[in-house]
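What follows draws every value from the coordinates through simple rules; no lab data is involved. Bear in mind that the values here come from a model prediction, so they are computed numbers and not experimental data. So basically every Cβ, Gly included, is an ideal-geometry build from the backbone, and we count neighbours across all protein chains shown.
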Amino acid sequence: MRLAPLIFLVLFLVGLSSAKIYFSETFDKEWESRWVESSFKKEEGKAGKFIQTAGKWFGDAEDGKGIQTSEDAKFYALSAKFPQSFSNKDKELVVQFTVKHEQRIDCGGAYIKLLPDTLDQANFGGDSPYYIMFGPDICGMSKKTHLIFNYNDKNHLIKKELKVESDQLSHQYTLILKPDNTYSVLIDNKEIQSGSLVEDWDFLAAKEIKDPKQSKPVDWVDVKEIDDPEDVKPADYDTIPATIVDPEATKPEDWEDEDDGEWEAPTIANPEFQGAWKAKKIPNPAYKGEWVHPLIANPDYKEDKNIYLFDKIGAAGFEIWQVKAGTIFDNIIVTDSVEEAKKFSEEHFEKNVEGEKKMFDDEEAKRQEEEKKKIEEAKKAQPAAEDAQESETDAEEEPVVVTTNTNEEKKVKKDVHDEL
């Protein structure tokens with residue numbers, strides 16, 4: 001009886017030992033030796049630079065270091081090759097990384113790309129082929145998590161809206177792609193979406209199509225209601241005016257016809273007027289319901305059990321545009337094991353969440369207190385400024401005193417000129 005737990009433990013450990021981590025990155029001091037900065041947009045002066053930093057708030061000063069976009073309104077293109085390319089055939093593929101928008105991002109991408117091993121890193125840019133694009137994309141009111149897969153050399157966007165985090169704290173994004181053509185997306189280790197690759201993307205042609213040989217019969221009646229043939233417009237209906245003279249209106253007592261003209265009472269809407277006459281509606285006795293186009297099997301449909309499959313996965317990269325820089329990327333892992341991704345999360349993300357939040361709250365409270373003091377100081381300075389302005393105005397408006405005698409006008413103030 002005691003063997004069962006032991007066997008389970010052995011199987012669990014064997015499972016862990018067979019798990020593979022294809023790539024991981026925490027951006028230590030040697031990070032630049034592993035990543036290649038692309039020449040994309042450099043000649044145009046539109047290329048931004050990543051810098052290593054833990055940012056303004058963090059849980060651990062060293063472990064919290066990632067790479068941050070440092071220049072506004074720039075393109076960023078950076079990539080790293082894996083030690084060895086791989087295929088996710090018959091395995092789960094897990095892509096996980098963290099994002100922190102310290103700058104209160106208003107418009108910019110923050111997604112990661114999984115790339116083929118043929119990537120030209122020196123020229124990595126917007127036209128470089130990729131397998132997967134995953135992560136936040138925020139611009140104004142448009143806020144979402146991108147999840148795009150390349151299938152048959154065409155990029156396909158998910159048909160669903162995936163939520164995104166847009167505050168100033170670190171958040172972890174996890175994609176789990178499964179060999180049964182299903183997927184799951186997690187933010188901060190909580191699932192926000194899961195489903196089928198077949199249903200949530202337009203990878204394949206529709207299984208069924210409308211039969212091109214069929215069309216709605218010409219005598220098909222799909223009008224639900226018709227005018228009641230027995231409902232006849234009253235003979236005097238059109239004689240009812242839309243407006244009438246206001247019976248409560250009276251000629252003002254001070255009205256003078258000779259001066260004001262002939263008085264006319266104002267008009268008001270006629271309560272008896274019902275607008276253009278319309279016959280009552282009754283159910284159409286000939287109604288057959290909505291016509292449904294018959295479906296047939298689509299000859300172009302072809303099942304594919306390997307939509308999830310990518311061969312020669314060999315690099316990861318960030319290729320983004322940001323209006324306002326300041327996003328920090330960190331803690332990347334690409335593996336075939338959900339357990340390994342979770343362990344990596346515990347070691348580099350979860351343990352720092354609480355400390356980062358406390359430091360942020362402290363900094364925010366300090367910032368708000370400083371703003372409050374500035375406002376109070378400005379209010380105190382305002383009366384003094386107003387008094388000084390009033391004194392200046394009084395001085396400017398002081399009258400010039402001039403005395404005269406019987407012979408000529410004399411100046412009392414030397415700066416007052418009499419040009420007569």
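Return the distance in nm (one decimal) between the two label points of a simple spin-label model at residue 364 and residue 167, each offset 7 Å from Cα along Cα→Cβ.
0.6 nm
Can you tell me the dipole magnitude for the chain around its Cα centre, using point charges on the Cβ only (Lys, Arg +1; Asp, Glu -1), in Debye to the nearest 20? The partial results should precede the final answer.
Details: 56 positive and 90 negative charges, 926 e Å.
Dipole of the chain, to the nearest 20 debye: 4440 debye.
Kirkwood-based Rg over Rh for region 130-241 (C-alpha set), two decimals? Provide the component values of the computation, followed by the final result.
Working: Rg = 26.4 Å, Rh = 19.3 Å.
Radius of gyration over Kirkwood radius for region 130-241 works out to 1.37.
Could you estimate the translational diffusion coefficient of region 231-373 from the Stokes-Einstein equation, with Rh from the Kirkwood formula over C-alpha pairs, at 20 °C and 1.002 mPa s, in whole µm²/s?
Values: Rh = 28.1 Å.
Diffusion coefficient, whole number: 76 µm²/s.
Rounded to the nearest 0.05, what FRET efficiency do residue 196 and residue 353 give with R0 = 35 Å and r taken as the Cβ-Cβ distance? Could you check? Numbers along the way, then the final one.
Working: r = 32 Å, r/R0 = 0.91.
Step by step, r from the Cβ atoms, then E = 0.65.
Can you compute log10 of I(q)/I(0) for region 302-393 with the Debye formula, treating each Cα as one identical point scatterer, at q = 0.13, 0.14, 0.18, 0.22 Å⁻¹?
-0.82, -0.89, -1.08, -1.18
For region 165-171, in order, what is each residue's ³J(HN,Hα) by Karplus, 6.51 cos²θ - 1.76 cosθ + 1.60 with θ = phi - 60°, in whole Hz (x at glycine and Pro)?
Each residue of region 165-171 in turn: 9, 10, 7, 9, 9, 6, 9 Hz.
Return the tail of the calculated pair distribution for the chain, meaning the percent of Cα-Cα pairs more than 34 Å apart. Don't jump to the answer; show the numbers that get you there.
Values: 52548 of 87990 pairs.
Roughly 60 percent, once rounded to a whole number.
Would region 168-306 count as rounded, prolate or oblate if I go by the C-alpha gyration tensor, calling it rounded below 1.5 in a/c and otherwise prolate when a/b exceeds b/c, oblate otherwise? Intermediate values should be presented prior to the final figure.
On the way: a/c = 5.65, a/b = 1.92, b/c = 2.94.
Since a/c reaches 1.5 but b/c is at least a/b, the shape of region 168-306 is classed as oblate.
Remind me, what semi-axes does region 142-201 give for its equivalent ellipsoid, largest first in whole Å, using sqrt of 5 times each Cα gyration tensor eigenvalue? Can you show the working numbers first?
Working: eigenvalues 94, 38, 19 Å².
Ellipsoid semi-axes (Å, largest first): 22, 14, 10.
Could you go through region 336-342 in sequence order and give the Karplus-derived ³J(HN,Hα) for each residue, using 6.51 cos²θ - 1.76 cosθ + 1.60 with θ = phi - 60°, rounded to whole Hz, and x for Gly and Pro?
Couplings: 9, 10, 4, 5, 5, 5, 5 Hz.
Give the calculated FRET efficiency between residue 213 and residue 152 to the nearest 0.05, with a Förster radius of 30 Å applied to their Cβ-Cβ distance. Write out the running numbers ahead of the final one.
Values: r = 30 Å, r/R0 = 0.99.
Computed FRET efficiency for residue 213 and residue 152: 0.50.
Mind checking the full-extension length gain between residue 53 and residue 203? Use 0.36 nm per residue of separation minus the Cα-Cα distance, one decimal, nm. Working shown, then result.
Values: separation 150, 0.36 × 150 = 54.00 nm, distance 3.99 nm.
Result: 50.0 nm gained on full extension.
Project the alpha carbons of region 66-173 onto their principal axes and report the range along each, largest first, in whole Å.
The Cα atoms of region 66-173 stretch 38, 33, 23 Å along the principal axes, largest first.
Can you figure out the FRET efficiency of residue 281 with residue 342, using R₀ = 45 Å and their beta-carbon distance, to the nearest 0.05?
Details: r = 63 Å, r/R0 = 1.39.
For residue 281 and residue 342, the calculated efficiency is 0.10.
Which Cα, out of 360, 18, 317, lies furthest along the positive dipole direction of the chain (beta carbon charges, K/R +1, D/E -1)?
Result: 18.
Let me check I have the definition right: for region 276-329, take the eigenvalues of the Cα gyration tensor, multiply each by 5, take square roots. What are those semi-axes in whole Å, largest first?
Numbers: eigenvalues 631, 184, 11 Å².
Semi-axes (√(5λ), whole Å): 56, 30, 7.
Over 28 Å between C-alpha atoms is what I'm after, so list which of 46/89; 342/366; 46/113 land there.
Numbers: 46/89 39 Å; 342/366 34 Å; 46/113 21 Å.
Violating the 28 Å Cα-Cα cut-off are 46/89; 342/366.
Beyond 26 Å between alpha-carbons counts as too far, so tell me which of 29/81; 29/91; 49/178; 100/373; 74/358 fall in that bin.
Values: 29/81 18 Å; 29/91 33 Å; 49/178 35 Å; 100/373 29 Å; 74/358 31 Å.
As for pairs spanning more than 26 Å Cα to Cα, those are 29/91; 49/178; 100/373; 74/358.
What are the ³J(HN,Hα) values, in whole Hz, obtained from phi via the Karplus relation 6.51 cos²θ - 1.76 cosθ + 1.60 with θ = phi - 60°, for each residue of region 221-234 in sequence order, with x given for Gly and Pro?
Residue by residue, region 221-234 yields 9, 10, 8, 6, 10, 9, 5, 5, x, 8, 8, 10, 5, x Hz.
Can you compute the helix-only [θ] at 222 nm over the chain? Use -39500 (n - 2.57) per DSSP H run of at least 4 residues, normalise by all residues, nearest 500 deg cm²/dmol. Before the final figure, lay out each step's value.
Values: 5 runs with 78 residues, N = 420.
Mean residue ellipticity, 222 nm, calculated: -6000 deg cm²/dmol.
For a quick check, take a GNM of the chain with Cα springs below 10 Å and name the residue from 141, 133, 359 with the largest mean-square fluctuation.
141
Of the listed peptides 189-199, 165-175, 336-346, what is their order by residue-averaged count of other C-beta atoms within 10 Å, with the highest listed first? Please list the in-between numbers first.
On the way: 189-199: 14.1, 165-175: 20.1, 336-346: 17.8.
Taking the mean over residues of other Cβ atoms within 10 Å, the ranking is 165-175, 336-346, 189-199.
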